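Nothing in this text is a laboratory measurement; each read-out follows from the coordinates by a stated rule. Predicted model only: the values in this text are computed from it and were never measured. Methodologically, a virtual Cβ is constructed for each residue, glycine included, from the backbone with ideal geometry; neighbour enumeration extends over all protein chains shown.
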Amino acid sequence: MKNLSLLFIFFIGITSIHAQETLEELKAIQGPKKDSIAAIQGRVDAIQAKIDALPGWKKGAFGTIGGSISSFENWYAQGTPNNNSGNIGFTVNAFANLNKEKFFWRNAVNVNLSWVKLDDKDDPTDSDSFQEATDVFNITSLYGHKLSDKFALSGLVEYRTTILSNFNDPGYLDLGVGVTWTPIKDMVVVVHPGNYNFVFSKEDTVFESSLGAKILIDYTKQIKAISFKTNLSMFQSYESSNLSNWTWTNSFGYSLWKMIGVGFDFGLRSNKQEALNYALAQTPPTATSFEDVDNDLQSYWMFGLNYKF
């Protein structure tokens, strides 16, 4: 019996040594394979960079979808114990850019829409339908005649409005000329000292068009599984700072499986004309002029599933 125990211990020891040697051998084989994969991926990335640098159309799009629904019955810990609630929203960022030896033409569209509802079952007078929450629509078209690899004479058309409610009320149309600087790939800096900001609205007493300077900075990039876009659009009126405005939007997407991943969007805006228009619509009005209106910073954000087109 003692001999059998010694034999068993000896067998376990030999097996462990063999397993250890096998693991080390496998790791030794695995190392060069990883190096080979990295080298192949490097060559693929270099070829893709050459393809991206070729003149011609480059198109792409990615977006975020987020949503949730819930229902409560006799949940007394909250103010409305019986309710149905939900929210849904999506964003789409798309671009179509043409790059030629002497000129470029860059086009982009950003759409961000969302709806929310809170149906209080104990209040028969409240709404049980979804209401508009976020409503952003922005489209730009930039043409440039190249002076060098990084500078160009350019003309810009940009239109911003809402589309779910109050379409073109207000709506902003910028038309301007100036120069465009492309310091690095995928980044565009537009400086147009000659720009007219057309404002369309039924409230002519609040909204006013004016001449001013336009600055637009856009950076759209894809790095393997990560897609992101940041866009800053600023208008500085020559007539009055009350007529100036700026909007900064950002979109991030990370692919987890094939074309599906997670996305995060947020935006900031400052617009004194919109702030005064909202104040005048309250009962009673919370402000009557640009001097006494609170121009609070506007913002939104969304987190949800991301789909890369």
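Would you mind putting 89-95, 290-296 in packing order, based on average other-beta-carbon counts within 10 Å, highest first?
Numbers: 89-95: 20.7, 290-296: 13.0.
Listed from highest to lowest mean packing, they are 89-95, 290-296.
For region 58-308, what is the Kirkwood hydrodynamic radius in Å, using each pair of distinct C-alpha atoms?
Working: mean 1/r = 0.0495 Å⁻¹.
Every distinct Cα pair counted, the radius reaches 20.2 Å.
Please give the peptides 76-87, 217-228 ranked by average Cβ packing (other Cβ atoms within 10 Å per residue), highest first, as a rough proxy for protection. Don't jump to the answer; show the numbers that get you there.
Values: 76-87: 13.4, 217-228: 15.2.
Result, highest mean first: 217-228, 76-87.
Could you give the length gained on full extension between Val177 and Ile226, defined as 0.36 nm per residue of separation minus the Cα-Cα distance, in nm?
Numbers: separation 49, 0.36 × 49 = 17.64 nm, distance 3.33 nm.
Contour length minus the Cα-Cα distance gives 14.3 nm.
How would you rank Met259, Met234, Met302, Met187, going from fewest to most other Cβ atoms within 10 Å of each one's own Cβ? Provide the component values of the computation, followed by the final result.
Numbers: Met259 11, Met234 17, Met302 23, Met187 14.
Going from sparsest to densest Cβ surroundings: Met259, Met187, Met234, Met302.
Label region 162-213 by shape, choosing from rounded, prolate and oblate, from the square roots a ≥ b ≥ c of the eigenvalues of the Cα gyration tensor; if a/c is under 1.5 it is rounded, and otherwise prolate applies when a/b is larger than b/c, oblate when it is not. Kindly include the intermediate steps, with their values, before the conclusion.
Values: a/c = 4.98, a/b = 1.84, b/c = 2.70.
The shape class here is oblate.
Between Leu268 and Lys202, what FRET efficiency comes out of the Förster formula 1/(1 + (r/R0)^6) with R0 = 25 Å and r the beta carbon distance, rounded to 0.05? Write out the running numbers ahead of the final one.
On the way: r = 26 Å, r/R0 = 1.05.
The formula returns an efficiency of 0.45 here.
I want to check the label-to-label distance for Ser70 and Ala94. Put each point 7 Å from Cα in the C-beta direction and report it in nm to one decimal.
Simple spin-label model gives 3.4 nm for this pair.
Computed FRET efficiency, Cβ-Cβ of Ile260 and Leu297, R0 35 Å: what is it to the nearest 0.05? Mind showing how you got there, number by number?
Values: r = 33 Å, r/R0 = 0.94.
The pair Ile260/Leu297 has a calculated efficiency of 0.60.
List nothing, just return the count: lysine pairs in region 191-309, 8 or more apart or interchain, with Cα separation under 23 Å.
Close lysine pairs found across region 191-309: 11.
Rank Trp301, Ala61, Phe264 by how far each Cα sits towards the positive end of the charge dipole of region 58-308 (+1 on Lys, Arg Cβ; -1 on Asp, Glu Cβ) and give me just the farthest.
So the residue furthest toward the plus end is Ala61.
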